[in-house]
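Shown next, in C-alpha cells, is the structure this report addresses.
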Amino acid sequence: MRGPWRAALALALHIAFFVTPIALVLGLLTIAVVTFRYDHTSGLKAAAAALVVGAVFAIGWRAVLRSRTRPRGVALDRSEQPQLWRMAESIATSAEAPKPDEIRITSEPTATVREHTALLGLRTKGRYLELGLPLLAALNVSELRAVVAREIGRLTSRNKLTALAHRTSASVERTAAGLTGGPTKWLFNGYARLFTAIAATTGDDLELAADAVAVREAGTRTAVLSLRKSVAVEIGWREYADDYLSMATSIGHAPDVLLGFRNFMSHPTRKPKLAERAKQAIAEEPDGRTRRRVEAMKRLKTADRELDERPAFAVLRSPRKSVPELEDRLMVDGLGERMPWPELARQAGAAHVAEQAAVLSSAVEQSGLPVEPSIAGVLAAIHRGQGRDLINPVLNPGLSPELVDQAAEDTLVDLLGCTAVDALICARRAHHELDWGGPSPVRLANGQPLDADRLVRPAVADPRLIPGLHRALVNLGVPLHHARRPAAEPEPELAGIVSPVQCAGSSYDLLVTDRGLVLLPSSASTTKRLLAGTLARFREAELEQLGELAATPVGELRERPGAQWVDSRDVASARLDQERAGWSLSLELYLDEYAVSELDHELVRDVDGASELVLRSSADGVEHGDPYQGLGELMGARMNVEEPLAAIE
C-alpha cells in the first residue's frame, strides 16, 4: 500500500492516539454517573478511577506535547536581504507551497525547512527555511535556487494528506528521540515505531515531488548537480572544520569562514577528489535513494533555465559586510579579532610545532635518562640507541605490543621534526604557508620547501645516520641548542559518564576520560533514582546534573572531596565481564612509588600480590556521552572483553 492510502491510514492512527484516551476517560465518567444513581459508593469509586486514568494520560500528554522545535542559526530580516526572500517566496508561489515564516542562516552544511508544530504535527505554528553557510560558499546562485526549491517543494500542497502525514511522522520521531525515560517513553516509542512504519513511504513521495519542483525552478542539469554537490559539501565541510577551522580555535582568532571554504572547495587538487568521494558515497548508499532520485529527475522533461554562475552568497545584500556579520554571530564566543587566512596558517603552524617541541621536552624529562632536552641532546640519545626509551613516556599505554615499535618511531619523528621546525621559526628562517590543497607546508627563508618527516625519519629508523642528520640540520641553520619548556600535563578530555557504579560498597559517578577514570561520590539517593526510572521529570533532572558534570573541567572534579583518580599509565590490564545484572570492570594496577593514581586504600584489594580495583554497574544507571567507547579507546589492547561493548549499552 502506497501513496495517499498509506498517508490516510497513518493520520487515522494519529487521530486515534488522541481520541482513544479521551473516549476512555469519558466512558469511565459516564459509568460513574450511571452507577452513582444506584450506589453512591460505587459511583464515587468509578469517578475516582476516571480521574486517576485522566491524570495519568494528562501527565503523559504533557511530556509528549511539549514543543521541542527551536529555530537555529541567525534570522535574516526581509528588508535586509530582499533578494533571498524574493527567491524563496517566488519558489513557494510557483510550487503552491506555504511560504516560510523565517529564513535563517546556520553553520550546518545542509538546507532544510523546520516546522514548529502542535499536536505532534497536526497543526503548524511556523516554518523556518534554514540555509547552511557552507552552501552559500560552495554553490552558485542557480544551484542554490535548486536547493531552496527542493526544500520548499517538500511542503507542496498538491497532496495534502502525504505532506501532513510526513510532517506528523517527523514530529513523532523527534518527540520519541527527545523523551528521556520512564513509562511515557517506553509506551510512546512503541506508538512511534508503529506510526513511522505505516508512514514510511510518505517521505519518498514528498522527496520525488520536491525534486520535480527543483527541476522546474533550476533545470534538470542544475537540479541533479546541486543534489550531488550537496553531498560533496557535507564531506568537504567536515574536513575543512577539522583541518582549517581548528587553526582558528588553536590561536583564538576568527577566520573568514565562507571565503575560506569556497577556496577549499574550488582548489584544483581537492575539487576532483571531493567529487569522486561524493560519487562513491552515493554509489555506496545501501538503499540507493540518491541514485533513484537522480534517475527520476533525468526523466522529467523541462526547458533549460539560464545558468547563474555567480557565487550563491551574491544573493545577499552587500556580502562584504553582511557575510562577516553572519559569521561573527554564528561562531563560538571567545575568538579574537578577524585574521586573514595566510597569517592564521602561519601562526597556527608555529603554535603547533612549539607545542610538539614542549611535548618532546616533557618526554625527555619523564624518561629519567641523563639527556638534555635540546635537539643536540636528543640526537645524541638516539645515536646511543635510546630513542625508544626517550619517547616511551608519551606513548599510548594501551597500544598492542606489535604496534609499539612503529608508534615509537612515528612519534619520535614527529616530535623531533616539529622541534627542528620550531627552532627555525624562532630563528626567523622558516614559516608555514597556507595551502588549500593540503596541510600547511614549511617554507624556508630562501623559498625552498622543507619536509621535516623526510629529513628526520631515516636517522630515527637507523641511528647510524644521526651524524648525517646533524650536518643537515646545521646546514639548514637549525640552532641545535633549541629546547622548549616541558609541556604541562594535558587536561583530560571527557568521553562519557556512567552514574552510578558500585565500588567497595559505595556509589560513584564514573567519568571516562582520555587520560584515566574519575570516581566521584554519587549524590543521588536510591529513592530519587527509582523516581528517575519512573517519572520523566526526575530523569531529566538527573541528566541535567550529568550535563553539568560533563561541562566542568576534569581538573576541578578531581579536587572535589572524595574524588578518586585512576591514571591510565598505572593500569596493567583490564577485564570487562558481562553479568546477569549488568557488567563489572576489573583493573589490575601498578601502585608502586612511581604511580600517579590517587585512590583510597580501602577501594583497592590485593589479589596474588597485585592491586585490583573492581567497578560494577547498577540496574538504575544512566549514561551521558559515550563512556563505553571511551573506555575501549582508553584501555586499548589491555582490555579483555567477554562480549562486544555494544552488548552492555
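Taking region 372-385 as the range and being in a loop (DSSP other than H, G, I, E, B) and in contact with a Ser or Thr (Cβ under 8 Å, 6 or more places away or on another chain) as the test, only P373 passes. Of the residues making up region 1-40, those that are of a type in the set (G, A, S) and either at pLDDT 80 or above or on the phi > 0 side of the Ramachandran plot (or both) are G3, A8, A10, A12, A16, A23, G27, A32. Residues in region 570-615 that are buried (at least 16 other Cβ atoms within 10 Å of the Cβ) and of a type in the set (K, R): R575 alone. All of R37, R86, R62, R6 fail the test of being more than 33 Å from the chain's Cα centre (by Cα), among the basic types (K, R) and over 27 Å from I152 (Cα atoms), apart from R37.
In region 82-119, the qualifying residues are those that are of a type in the set (V, I, T) and in contact with a Leu (Cβ under 6 Å, 6 or more places away or on another chain), and the one that is modelled with the lowest pLDDT is V113.
Residues of region 416-464 that are in a helix (DSSP H, G or I) and in contact with a His (Cβ under 9 Å, 6 or more places away or on another chain): C418, T419, A420, V421, D422, A423, L424, I425, C426, A459, P463, R464.
If the condition is being more than 22 Å from the chain's Cα centre (by Cα), among the charged types (D, E, K, R) and closer than 16 Å to G582 by Cα, then region 603-645 contributes R616, D620, E642, E643.
The set of residues in region 127-150 being within 17 Å of T117 (Cα to Cα) and either surrounded by fewer than 23 Cβ atoms within 10 Å (Cβ to Cβ) or not aliphatic (A, V, I, L, M) (or both) consists of R127, Y128, E130. The set of residues in region 425-466 that are out of contact with any strand residue (DSSP E or B) (no Cβ under 6 Å at 6 or more places or on another chain) and small (G, A, S) comprises A427, G437, G438, A445, G447, A452, A459, A461.
If the condition is being closer than 21 Å to A214 by Cβ and either touching a residue at least 12 places away in the same chain (Cβ under 8 Å) or in contact with a Pro (Cβ under 8 Å, 6 or more places away or on another chain) (or both), then region 266-288 contributes A275, A278, K279, A281, I282.
From the residues in region 315-332 that are in contact with a Leu (Cβ under 8 Å, 6 or more places away or on another chain) and over 19 Å from S79 (Cα atoms), which one is modelled with the lowest pLDDT? Ranking the qualifying residues of region 315-332, first place goes to L330.
The helices (runs of 4 or more DSSP H) falling completely within region 213-301 that include 2 or more residues that are within 19 Å of L135 (Cα to Cα) and not charged (D, E, K, R) map to 220-240, 257-266, 270-283.
Applying the condition of being outside any loop (DSSP other than H, G, I, E, B) and charged (D, E, K, R) to region 61-111 and asking which residue is farthest from V147 (Cα to Cα) yields R62.
Of all residue pairs spaced 6 or more apart or on separate chains, those with beta-carbon atoms under 8 Å, a first member in region 597-618 that is under 21 Å from P521 (Cβ atoms) and a second member that is of a type in the set (A, V, I, L, M) and assigned to a helix (DSSP H, G or I) are L613/L603; S617/I648. Any chance region 187-206 includes a residue that's closer than 30 Å to E306 by Cβ, outside the structural domain of W436 (by TED's automatic domain parsing) and assigned to a helix (DSSP H, G or I)? Yes, some residue in region 187-206 is closer than 30 Å to E306 by Cβ, outside the structural domain of W436 (by TED's automatic domain parsing) and assigned to a helix (DSSP H, G or I). Against the test of being touching a Leu at 6+ places or on another chain (Cβ under 7 Å), in contact (Cβ under 8 Å) with a residue 12 or more places away in the chain and not assigned by TED's automatic domain parsing to the domain that holds D570, the options A427, A420 yield a single qualifying residue, A420.
Residue-level analysis places L390 outside the set of residues that are in contact with a Lys or Arg (Cβ under 8 Å, 6 or more places away or on another chain), not charged (D, E, K, R) and not in a loop (DSSP other than H, G, I, E, B).
The values are calculated or read from the model by the stated rules, or taken from the named source; none is laboratory data. Worth saying up front: this structure is predicted, and the values here are computed from it rather than measured. Glycine gets a Cβ as well: all are built from the backbone with ideal geometry, and neighbour counts include every protein chain shown.
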